[in-house]
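So the structure is just underneath, and the comments pick up after that.
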Amino acid sequence: MGQPVVHFEIIGCDPATLRTYYGEMFGWEFQMADATTDAVSQPGNYGFVDSATTGGGINGGVGGGEGYEQRVLFYVGVPNVEAALK
């Protein structure tokens, strides 16, 4: 049995433009805060997307900033991270 995707992140150099783009395209609403780690976004420049605005999908976030590599990340829930990595 497969494991579920539990979170997604869209990271880019201009996160405000990305939030506008995805907000207009999909009707997403963002709660601005700090990402869990500076590895994915400048402090205060991360927009959390609640599953209530993704049509019942998963929670996610859009962030980044100048100097951040453009990428999309997804997180998969597993019972044991160490075992899954082996």
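The values are calculated or read from the model by the stated rules, or taken from the named source; none is laboratory data. This is a predicted model, so every value here is computed, not measured. Using ideal geometry, Cβ is built from the backbone for each residue, glycine included, and neighbour counts are taken over all protein chains shown. The area values use the complete protein model at the heavy-atom level, side chains included, leaving out ligands, DNA and RNA. Shrake-Rupley method; radii C 1.70, N 1.55, O 1.52, S 1.80 Å.
Please specify each residue of the range 20-52 satisfying the condition of being open to solvent by less than 30 Å² (accessible area, probe 1.4 Å) and not in a loop (DSSP other than H, G, I, E, B).
GLY23, TYR46, GLY47, VAL49, listed by residue number.
Residues being without any contact (Cβ under 8 Å) to a residue 24 or more places away in the chain and in contact with a strand residue (DSSP E or B) (Cβ under 9 Å, 6 or more places away or on another chain): count how many of those fall in the range 22-42.
The total comes to 6.
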